[in-house]
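This report concerns only the one structure given below.
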Amino acid sequence: MHEWTIAMSVISSVEKWSIEKNMNVKRIYLSIPSFSMLEVEILLDAFNKLKKESKICDAELEVRVRDQKFGCRNCKNIFTIDDIKPQLDPIMKDHDDYELHELSSLLTTFVKCPKCESRDFEVDASIRVEGLEV
Ligand SMILES: [Zn+2]
C-alpha cells in the first residue's frame, strides 16, 4: 500500500508544479533507494491508475533505483551496499529465503561501518523526484 501513497504524493506535487508553471509534464524521474522495500511495478501501476484523475494524465513515470547509501555518524564515512557486502554475505547465506530488502531491519544489528566499526549510522531513505521532462 505504501506504493500508492508515494504515487499519490508524486502526482500531487508534480501536478501542482505543472499548474503553477503552466507546463505539460511528459516524464517524471523518480529516485528510490534500493532498500526502500518498494515494488517498482506496483509503484508504476499505482501511478498509471492515479494519474488518470489528475491534470498530468499524459506523464510517464520513470523509476530509478539508486544504490543505497549509509552515513556513519561517528566518522562521517559514506558507504554503500558494496562496501558492506562482505558483512552481508554470511547473513544472506543464513537467510536464503530473504529478499535483500527484507534484511534492511536487520542491518543495524549486523552491519558495522567499514571504516570505524561503529553501528551508529544513518540510512539515506529519501524518495525524490530528480527531474521532469516537459
Ligand atoms: Zn564510521
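If M23 meets every condition in (1) surrounded by fewer than 16 Cβ atoms within 10 Å (Cβ to Cβ); (2) within 21 Å of the chain's Cα centre (by Cα); (3) part of a loop (DSSP other than H, G, I, E, B) apart from one, which number is that one?
Exception for M23: condition (2).
Can we say D89 is within 20 Å of P114 (Cα to Cα), part of a helix (DSSP H, G or I) and touching a residue at least 24 places away in the same chain (Cβ under 8 Å)?
Details: within 20 Å of P114 (Cα to Cα): yes; part of a helix (DSSP H, G or I): yes; touching a residue at least 24 places away in the same chain (Cβ under 8 Å): no.
Answer is no for this residue.
Can you tell me which residue in region 109-132 is surrounded by the most Cβ atoms within 10 Å (Cβ to Cβ), limited to those that are hydroxyl-bearing (S, T, Y) and away from the ligand (no atom under 13 Å from the Cβ)?
S126
Return only the number of the condition from (1) of a type in the set (A, V, I, L, M); (2) in a loop (DSSP other than H, G, I, E, B); (3) crowded, with 17+ Cβ neighbours inside 10 Å that M37 does not satisfy.
(3)
So is T80 at pLDDT below 85, over 13 Å from the mean Cα position of the chain (by Cα) and within 16 Å of the ligand (Cβ to nearest atom) or not?
So T80 does not fit the description; no.
Identify the single condition in (1) over 24 Å from P114 (Cα atoms); (2) in contact with a Lys or Arg (Cβ under 6 Å, 6 or more places away or on another chain); (3) in a loop (DSSP other than H, G, I, E, B); (4) touching a residue at least 12 places away in the same chain (Cβ under 8 Å) that C57 does not satisfy, given that it satisfies every other one.
(4)
The values are calculated or read from the model by the stated rules, or taken from the named source; none is laboratory data. Source: prediction; values computed, not measured. In this analysis, Cβ positions are derived from the backbone assuming ideal geometry, glycine residues included, and neighbour counts consider all displayed protein chains.
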